[in-house]
Amino acid sequence: MSRIRLYVPQPLAPGQTIALPREQAHYLGRVMRLAAGATLTLFNGEGGECAAELLACDGREAKCRIVAFENVDREAPLAMHVIQAACRADKIETVLQKGTELGAASFQIARTRRATLRLDGARLERRLERWLAIVIEAAEQSGRTRVPPVAWRESLEEVRLHGTSLLLHPHEAEPWPTARERLAGAGEVDILVGPEGGFTDDEIERLHALGCTPVAFGPRIMRTETAAPALLAAIQAIL
């Protein structure tokens, strides 16, 4: 795998010549100081990746030719979906970056009773663009062949559950050794994490009624931005 990987959201096929966006041209030419003949890896998030040769790059425009397609798969063997309460913006960015590196299949950022982040209209659109850019950069760096989507949910009622749903909660919950047995036959798993102040009692009851299992992940209470990456790593270690 070449050192530089770029996400290009368009069909890719061997023999094809494509022009890269201006931002990527600037990165290749001005930041990485690459010239014609350099090798790249391109991927479009639909699986696999392509070896490419840089044909021209002046920092403003860049063209490359796709040399070969490799049907490589570096995705996690179990689709793991992160449902993160809308906490402080910097904490959400940490969850998105580390979660992508650790193989999360998707992210939902949800407003909860104790959530501190409020977004709507143009502000929400700008924030979603930034979040997607963080996920793309993490996918490029980590070797992901797919880019996990990021969605905003105005309430827990809007959250989409996929399969086995684990609600991280430090009190009155299943211990992790018991809860992890549920992963054996799971096709997909949801990881639900509350905000800095945690889910309220009525939110936990509502989520439990929807099939979410409260889980205590060890004897210590983690910060909201630590919980999902820790569980993602633990699940992959088991698998």
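The values are calculated or read from the model by the stated rules, or taken from the named source; none is laboratory data. From a predicted model like this one, the values you see are computed outputs, not experimental measurements. FYI the Cβ positions are ideal-geometry reconstructions off the backbone, even for glycines, and counts take in every protein chain you see.
Data for the structure
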read-out	value
Subset of region 79-110 [over 11 Å from the mean Cα position of the chain (by Cα) and among the acidic types (D, E)]	D90
Some residue of region 49-64 being closer than 21 Å to I134 by Cα, surrounded by 19 or more Cβ atoms within 10 Å (Cβ to Cβ) and not assigned by TED's automatic domain parsing to the domain that holds G99	yes
Tally, over region 165-193, of residues that are under 23 Å from T112 (Cα atoms) and charged (D, E, K, R)	3
Filter result for L42 (in a strand (DSSP E or B), surrounded by 12 or more Cβ atoms within 10 Å (Cβ to Cβ) and either acidic (D, E) or touching a Ser or Thr at 6+ places or on another chain (Cβ under 9 Å) (or both))	no
Residue identified as acidic (D, E) and free of Cβ contacts under 8 Å to residues at least 24 places away in the same chain among E93, E129	E129
Flag for T200 being farther than 21 Å from A234 by Cα and under 16 Å from the mean Cα position of the chain (by Cα)	no
Residue that is nearest to R146 (Cα to Cα) [pool: residues in region 65-104 that are out of contact with any helix residue (DSSP H, G or I) (no Cβ under 8 Å at 6 or more places or on another chain) and surrounded by 19 or more Cβ atoms within 10 Å (Cβ to Cβ)]	H81
Residues of region 128-161 classified as modelled with pLDDT of 95 or more, buried (at least 16 other Cβ atoms within 10 Å of the Cβ) and closer than 27 Å to I204 by Cβ, total	7
Unique match (being out of contact with any helix residue (DSSP H, G or I) (no Cβ under 7 Å at 6 or more places or on another chain), surrounded by 12 or more Cβ atoms within 10 Å (Cβ to Cβ), among the β-branched types (V, I, T) and touching a residue at least 24 places away in the same chain (Cβ under 8 Å)) among T178, T164, T200	T200
Subset of region 98-114 that is out of contact with any strand residue (DSSP E or B) (no Cβ under 8 Å at 6 or more places or on another chain) and either assigned to a loop (DSSP other than H, G, I, E, B) or not assigned by TED's automatic domain parsing to the domain that holds D190 (or both) - its residue that is farthest from G194 (Cα to Cα)	L102
